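One structure is given here, and the rest of the page talks about it.
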Amino acid sequence: MTLRCLNHQKSHEFICYQCNSLMCSKCITIHIRDHPDHSDKIEHIDEIKDSLSTLKLDDIIDTTTTNNNDSTNSSTNNIHSQIKNKIKSLWESLRSSTSRYQALSTTENDIKQHFEQLHQYLIIEEHKLQRDIINDKHTITNQIDKNVKHLKYLINIIMLFNKLNNNNNSSSDNNSNGNINNEDTSIITDTTTLYSTTTIMESITTSSSLQSFINHNNQTLLNDKINYYFNIDELLKQHSNDSSSILLDIIHKYNNQFNESTTITDNNNLTLSSYKLSIKQPDFNQLNSIIEQSIKLDNIESTESINTTTTTNNNDNKQSYIFTTHQLDGATLINTSNNNSIEELKFDYQFNGTYSSIVSIDEYIYIIGGYHNPNKWIKISAKSKSIEHIGDIEGIKGDYFISVCYDGQDHIYLLNGHNIKNRIDRFNIKTMKFESYHQLPFGYDRQVSSMIFKGSLYSISYDQNKLFEFDLTNRTITDHEIDIIPFSACHDNNGNFFILDRSNKRFIKYNVETKQSINLNAVPLANAYFPFVMYHRESPTSSYIYSFGYSSKCNFKYSIESNQCEPIFRDIINHNRAWCASTSITF
């Protein structure tokens, strides 16, 4: 940086904050003439010095939460106090960011505590179920300990009898008479764990006989070199070396110590409950719905910015769209959040025969099969308005008029088709793999609309007064009889189907829980020539059924809240949208 103006050889006196230029007294006139919009961004060095000399940092306080009564003064001061304003703005930004961070931390902790309560509930339920089993296990281990002590005493009696009769090295014939044969001569390191009940039970399980169990524990639990209960020399002295007298004496002592009338020796005599455990995998869709209803985190649009000096907060302002395809390898994207602004899109894909074969997931649109593409599937990004992926249908049979629905997690379910009947398949959106899922019984043709709601898959048959319910947990099927012949249909993902009967000029709402039908006031739509309906939620308080078809004369909008129907989109390009996919999407 030069200290003097190169053009006029004068000292710099001014700075323009707009373009960050230093200027002398002559430059300033030229600069304002060339850039009149910079005039309020220029400051003289004397003004800067005066502002800094009177600057009090104690006066820089957070005013983001106060009213704007001094807005006029602030705009005037902005001319002469650029540095002060910048400091003030930075401080307010720091205060605001800190406050917002603390608020986010509080919300984060509330979420954590909520799920800790759910986790604690599951732990309590687990312990409640395990309690009686743990008590019974404790009773059994006590009984095993008592019976092992019995066994040790009796084996010691046998060992003592053998010693008294000098049969320590008895033959196999003697073994058959009850002598203890310790064949295992390997050295085992004696540890406390070898005497634990768990170790004893493992040894019992792996032993084919009592002799095998004794041999396995002959150096620890049943060591014949340890005199557990008897002092042989003392007994010989007491009974004058009479082995018969000694044997009767120790049996008498055994009976005194282990009273048969009070000691349990048989598992069958244990006062224990019997248990039959039945485990049914929970309906994770329903469980997920319950958890989602118990806690909700809404993204509320904020007027504050993260950095008040540079950016504004967009806060992920989502908008709602209708994506409707047509038979000329294209689609129309209608922004219902922006006065129904329309954009025509072109894709290298034919959409005829895909009416019921479309789902939207976040910004993405999946369409499976089609009349001209029965063995293909396509993924389109509504945000980039481009094809993300075109793949082959492998592992199952492709078709057109496949009815599809999304489970809210990883899978899109596929039902029947024009040629393939009585099947339910799945497509994993993460692995992009197809798989056969279930074989439906005979009698189900192609479907016009399918929905997953509270753990069940519901699907409406084309041109039949039939709707079936498929339990995704136990894979059972229940038929619902409906008093309408469906031509096209859609759903709200919340238990309601909206069904059009073109032959009888009826449009109804059917609820899968109450099994009740309500006639809707949509005469123009019901009288239209081949209309194909779709559900669209524009806001938390407004939802509609739109229809498209062979021409713009099929374009109608039915309000669910007001139960009124009207023509719409009559001025868009008159594409043939019959049997072509349409969906609602928000991003």
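The values are calculated or read from the model by the stated rules, or taken from the named source; none is laboratory data. All of these numbers come straight from a predicted model, not from anything done at the bench. Backbone-built Cβ (ideal geometry, glycine too); neighbour counts: all protein chains shown. In case anyone asks, the SASA skips ligands and DNA or RNA and just uses the protein heavy atoms, side chains included. Shrake-Rupley method; radii C 1.70, N 1.55, O 1.52, S 1.80 Å.
Points worth noting:
- Test set (1) hydrophobic (A, V, I, L, M, F, W, C); (2) modelled with pLDDT under 85; (3) surrounded by 10 or more Cβ atoms within 10 Å (Cβ to Cβ); (4) more than 25 Å from Leu236 (Cβ to Cβ) - Ile187 fails condition number: (3)
- The set of residues in segment 457-476 that are in contact with a Leu (Cβ under 7 Å, 6 or more places away or on another chain), open to solvent by 10 Å² or more (accessible area, probe 1.4 Å) and either free of Cβ contacts under 8 Å to residues at least 60 places away in the same chain or in a strand (DSSP E or B) (or both) contains only Tyr458.
- Listing of strands (runs of 3 or more DSSP E) fully contained in segment 507-587 that carry 3 or more residues being of a type in the set (Ser, Thr, Tyr) and more than 19 Å from Pro486 (Cβ to Cβ): 542-548
- Flag if Ile390 is assigned to a strand (DSSP E or B), open to solvent by less than 60 Å² (accessible area, probe 1.4 Å) and either out of contact with any Cys (no Cβ under 6 Å at 6 or more places or on another chain) or farther than 23 Å from Ile420 by Cβ (or both): no
- Only a single item in (1) surrounded by 20 or more Cβ atoms within 10 Å (Cβ to Cβ); (2) in contact with a Leu (Cβ under 9 Å, 6 or more places away or on another chain); (3) not aliphatic (A, V, I, L, M) is not met by Tyr366, and it is number (2).
- Asp348 passes every criterion in (1) touching a helix residue (DSSP H, G or I) at 6+ places or on another chain (Cβ under 9 Å); (2) exposed (fewer than 15 other Cβ atoms within 10 Å of the Cβ) apart from (1).
- Selection of segment 256-278 for residues being modelled with pLDDT under 80, assigned to a loop (DSSP other than H, G, I, E, B) and within 30 Å of Glu126 (Cα to Cα) yields Leu270, Thr271, Leu272, Ser273.
- Odd one out for Ser81 among (1) modelled with pLDDT under 85; (2) open to solvent by 60 Å² or more (accessible area, probe 1.4 Å): (2)
- Yes/no for Ile214 being modelled with pLDDT of 55 or more and either under 56 Å from the mean Cα position of the chain (by Cα) or surrounded by fewer than 16 Cβ atoms within 10 Å (Cβ to Cβ) (or both): yes
- Yes/no for Thr98 being modelled with pLDDT of 80 or more and in contact with a helix residue (DSSP H, G or I) (Cβ under 7 Å, 6 or more places away or on another chain): no
- Members of segment 525-541 that are farther than 19 Å from Val448 by Cβ and either basic (Lys, Arg) or surrounded by 14 or more Cβ atoms within 10 Å (Cβ to Cβ) (or both): Arg537, Glu538
- Among residues of segment 543-587 being over 20 Å from Asn519 (Cα atoms) and basic (Lys, Arg), the one that is surrounded by the most Cβ atoms within 10 Å (Cβ to Cβ) is Arg577.
- Qualifying residue in segment 394-415 (condition: assigned by the TED database to the domain that holds Leu345, surrounded by fewer than 18 Cβ atoms within 10 Å (Cβ to Cβ), polar (S, T, N, Q) and assigned to a loop (DSSP other than H, G, I, E, B)): yes
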